[in-house]
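Asks: Quick one: the structure is below, and I'll ask about it shortly.
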Amino acid sequence: MSAENLNRLRAKELVSLFPGVHLRQLQRLLNASFNTTRYHVDNLERDGEVFCSREAGYSRLFPAGFDGGARGLYSVLHNKSTRHVLRTLVTGGRLTNGEISAATGLPRSTVSEHTELLCQAELAAKSVTLDAVVYEIRDKARVGEALAMFERNLITVAADSFVDLWDF
């Protein structure tokens, strides 16, 4: 198999492992130049093997046939802090901004930013009571499963990259 076909195959596999990946992030994972990555993504998109979704100023790559309803979930999973807040909400239930901040060690302003992203993606619900604003995950089973799968894939890619270092 030629190096060009290998890069294309790796790009397709990485988009499948990390739905919602940005082109620049894909380039880093491939360890290829930006132009090479863009070339392969353009060809994959042309051939209908991946598609690019442009939302809120970001372009994200998804495998062909990817469930449109899950795009919001996989888009937010690419941010480490958002994943941390999401994981805390999945395990903690109904939590206030302060409780999430204490559990994650993130500043309250950062927690507010990420909980707002989760609400916009319709993954979390915000309810206002007399004394606090409370956040909770809408579909814990679905979100927890996707979070676990994403983090498992992240560890697999990191391990594969580490093994590649030993080839030198």
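Asks: So which GluC sites (Glu not before Pro) in the range 91-128 end up in coil per DSSP with only 12 or fewer other C-beta atoms within 10 Å?
Replies: Working: sites: E99, E113, E116, E122; in loops: E122.
Those satisfying the criteria are E122.
Asks: For the range 22-79, take every pair of Cα atoms, bin their distances at 5 Å starting from 0, and report each bin as a whole percent.
Replies: 4, 18, 28, 27, 18, 6, 0
Asks: Per-residue ellipticity at 222 nm for the chain, helices alone: DSSP H runs ≥ 4 residues times -39500 (n - 2.57), over residue total, nearest 500 deg cm²/dmol?
Replies: The helix-only estimate for the chain comes to -19000 deg cm²/dmol at 222 nm.
Asks: Related question: Roughly how big is the chain's charge dipole about its Cα centre, with Cβ charges of +1 (Lys, Arg) and -1 (Asp, Glu), in debye to the nearest 20?
Replies: So the dipole magnitude of the chain works out to roughly 200 debye.
Asks: Expressed in nm to one decimal, what extension gain is obtained for the pair N35 and L130 from 0.36 nm per residue of sequence separation less their Cα-Cα distance?
Replies: Numbers: separation 95, 0.36 × 95 = 34.20 nm, distance 5.39 nm.
My answer for the length gained is 28.8 nm.
Asks: Then there is this: Which three extents, in whole angstrom, do the alpha-carbon atoms of the chain cover along their principal axes, largest first?
Replies: 63, 35, 26
Asks: For labels at R46 and C119 in the simple 7 Å Cα→Cβ model, what's the distance in nm?
Replies: Each label point is offset 7 Å from its Cα along the Cβ direction, giving 4.4 nm.
Asks: Rank L26, C119, A141 by how far each Cα sits towards the positive end of the charge dipole of the chain (+1 on Lys, Arg Cβ; -1 on Asp, Glu Cβ) and give me just the farthest.
Replies: Working it through, the farthest residue towards the positive pole turns out to be C119.
Asks: Which residue, chosen from Y39, N7, Y58, occupies the Cα position most advanced towards the positive end of the dipole of the chain, where the dipole is computed from +1 (Lys, Arg) and -1 (Asp, Glu) charges on Cβ about the Cα centre?
Replies: Highest projection toward the positive end goes to Y58.
Asks: Something else: What accessible area, in Å² to the nearest ten, does a 1.4 Å probe give for D47?
Replies: Accessible surface of D47 is approximately 80 Å².
Asks: For K80 and K140 in one chain, what is 0.36 nm times their gap in residues minus the Cα-Cα distance, to one decimal in nm?
Replies: Result: 19.7 nm gained on full extension.
The values are calculated or read from the model by the stated rules, or taken from the named source; none is laboratory data. Quick caveat, the model's predicted, so the values are computed rather than measured. Note: ideal-geometry Cβ built from the backbone for every residue, glycine included; neighbour counts use all protein chains shown. Please note that ligands, DNA and RNA were not included when accessible areas were found on the heavy atoms of the full protein model with its side chains. Shrake-Rupley method; radii C 1.70, N 1.55, O 1.52, S 1.80 Å.
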